[in-house]
Amino acid sequence: MARHGPEPRCRRRRRGRADGLVAHRRGHARPPPLPPGDTSSRTPAAPRAIHCRTGSWWGGSLGEVRRRTALVLASVFVPVIVVAAGFVFLVNAQSSGPFNAQRIYVDPQGAAATAVAEGNGDPVVERVAATPTAVWLTPEEHGRGEVGGYVRSVVADAATTGSVPVFVVYGVPNRDCGNFSVGGLSPTAYPEWVAEIASSLGEQRSVVIVEPDSLSLAIECEDEDEQVDAIAGAVSMLAETTAWVYVDGGHSNWRSADDMAALLRRVGIDRIRGFSTNVSNFNPTSDERDYAETLSALVGGAHYVIDTSRNGAGSNGDWCNPSGRALGATPLSEPTSGAMDANLWVKAPGESDGACNGGPRAGAWWPSAVEELGRNAGW
């Protein structure tokens, strides 16, 4: 199959957290038809016209947005006592940037950890529960007025273990162009939500991945400029924090490096650490390195991270709960070179991509899937 084939209209390829809010894309194959009565996906099997909401960037620096929205938010680290059985991973000595000689945080309330706490004693599930996975922030799960407290609690818990939390911001207006991960905030609410997140990161070291898929999808939607402006605004605010920020840069089997470089420049890649690739995807790490190194050279040497959560067996061209896949290299275990900072687990293994190939609704915990991923990886 061609490396960069024809693109479908506003179509996605990945799934993640609760209620199907975290999904990703790359339509090598048409999504399978939904079973009768299923409403977990709003995207039909056949292509359709997309009604994309429009809006414009509400503009300004983090300080200006704070003043305009009259948000009263903590701008420094606030100690919060959290009793949790957190795990940490020691970073590979070759990892660079924010991960150098650091530990990375494991969320004790992640899906796999919750399954273990509820009695799932499968060895694969237990190992996945102890493996660092990103903490996803969606407005549906952590809305305005609540997301700041949640971020502070994670940062505080990470501080007690001397580890670095990895957050994913995923709430852009017209998220997913109205497809599987339809949702996000309005053009006026989004900057307030991002400002609350930014103000809650404090001085503790953290990592933030910004809006997986959104830049790559923007040029397929009817509101490209509004999407790009929204992400640029989020990047601008997060750039003012002490966090190491990576805006999503698609993956090796989607946009060309030239096209993605142009998009990254539009959102201010020069203001942050770099970009992420392969989020919730299955492409081999070697392909992602080649793509990311080419892309980095086009945007001034920006650094990057690669999601290796489910790429242990590469891709078979299916994006939705494909069979025969395997867990990839555990976070920070891949040697780094060039502009690569680290490999991470951004997608949580075991969370369904959608009601396809025998899976439950998007984002639902699916223990048999993670057990298969682990077995195929030799766990």
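Coordinate-derived values only; no laboratory data. Keep in mind that what you see is a predicted model, and the values were worked out from it rather than measured. Backbone-built Cβ (ideal geometry, glycine too); neighbour counts: all protein chains shown.
Quick one: which residues, 5 or more positions from S276 or on another chain, have an amide H under 5 Å from its amide H? H modelled 1.01 Å from N in the peptide plane, none for Pro or chain starts.
Those qualifying (amide H under 5 Å, at least 5 residues apart or on another chain) are V247, D248, G249, V305.
Based on the mean of other beta carbon atoms within 10 Å per residue, what is the order of 137-145, 124-132, 307-315, most packed first?
Details: 137-145: 18.9, 124-132: 21.4, 307-315: 23.9.
Ranked by mean Cβ neighbours within 10 Å, highest first: 307-315, 124-132, 137-145.
Ranked highest first by average number of other Cβ atoms within 10 Å, how do 108-121, 232-245 line up?
Top of the packing list down: 232-245, 108-121.
Once you charge only the Cβ atoms, +1 for Lys and Arg and -1 for Asp and Glu, what is the size of the charge dipole of the stretch 134-276 about its Cα centre, to the nearest 20 debye?
Value, rounded to 20: 580 debye.
Between G183, S256, A243, whose Cα lies farthest towards the positive end of the dipole of the stretch 154-287 when Lys and Arg beta carbons carry +1 and Asp and Glu beta carbons carry -1, centred on the Cα centre?
The Cα lying farthest towards the positive end belongs to A243.
What is the sum of charges around N376, taking Lys and Arg as +1, Asp and Glu as -1, for the other residues whose C-beta is under 11 Å from the C-beta of N376?
+1
Please work out the Cα center distance from the stretch 302-379 to the stretch 107-150, rounded to the nearest Å.
What the calculation gives is 16 Å, centre to centre.
In what sequence do I104, I272 fall when counting other Cβ within 10 Å, fewest first?
If I rank by nearby Cβ atoms, fewest first, I get I272, I104.
Report the full-extension gain for the segment A117 to T242: residue separation times 0.36 nm, less the Cα-Cα distance, to one decimal in nm.
That pair, A117 and T242, stretches by 41.6 nm at full extension.
Can you list the HN-Hα couplings for the stretch 101-109, worked out from phi with the Karplus curve (6.51, -1.76, 1.60; θ = phi - 60°), rounded to whole Hz and with x for Gly and Pro?
Karplus-based 3J(HN,Hα) across the stretch 101-109 equals 6, 10, 10, 10, 6, 10, 6, x, 10 Hz.
Where the only charges are on Cβ atoms (+1 Lys, Arg; -1 Asp, Glu), what is the dipole of the stretch 248-345 about its Cα centre, to the nearest 20 debye?
About 220 debye.
Please turn the phi angles of the stretch 116-131 into ³J(HN,Hα) values with the Karplus equation 6.51 cos²θ - 1.76 cosθ + 1.60 (θ = phi - 60°), one per residue in order, whole Hz, x for glycine and proline.
Result, rounded to whole Hz: 5, 4, 8, x, 6, x, 4, x, 5, 4, 5, 5, 5, 4, 8, 9.
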